[in-house]
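Just so it is clear, none of the values below were taken in a lab; they were calculated from the coordinates. Everything numeric here is computed off the predicted structure, so don't read it as measured data. Counting neighbours? That spans all protein chains shown, and the Cβs are built from the backbone with ideal geometry, glycine included.
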Amino acid sequence: MYVILTSKPGQFRTEPSEDLRPIEVYDYLFYGSRKARFSIAELVRDTRVTIVDEPECGIVNRVPSKFLEKFDTVERARRELEHLTSFGGMDARLVRLDPARADAVAV
């Protein structure tokens with residue numbers, strides 16, 4: 001199974017774990033400005049997903065993976081991500097990153 005994880009700069013970040021292995025990572029650009037980072041991750045087994053609020057309070061939430069939409073294949077997850085980020089003629093695009101280096105790039 002595969003899921004889509006989201007992080008938004010200055011708002012929150014979703015942290016992968018040993019039970020959530022990033023397969024593909026994308027920056028979402030809207031008119032050239034990065035608005036989010038998406039990861040298609042393999043869900044190894046049911047787990048809790050760590051979501052950290054980034055403003056000064058730094059609240060940490062651990063959400064059960066059963067609440068995430070799941071996809072049978074990476075391709076289905078990729079199609080859903082493309083659908084979620086396309087807005088007709090607007091300048092919105094996904095830029096694929098190297099998953100091994102994506103953590104080193106600030107979101």
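Descriptive notes on the structure:
- All positions within the stretch 15-47 that are in a strand (DSSP E or B), of a type in the set (D, E, K, R) and touching a residue at least 24 places away in the same chain (Cβ under 8 Å): Glu15, Glu24, Asp27, Arg34, Lys35, Arg37, Glu42
- All positions within the stretch 24-33 that are exposed (fewer than 14 other Cβ atoms within 10 Å of the Cβ) and of a type outside the set (S, T, N, Q): Tyr31, Gly32
- Exactly one residue among Val74, Val52 is in contact (Cβ under 8 Å) with a residue 24 or more places away in the chain, within 13 Å of Phe12 (Cα to Cα) and surrounded by 13 or more Cβ atoms within 10 Å (Cβ to Cβ), and that residue is Val52.
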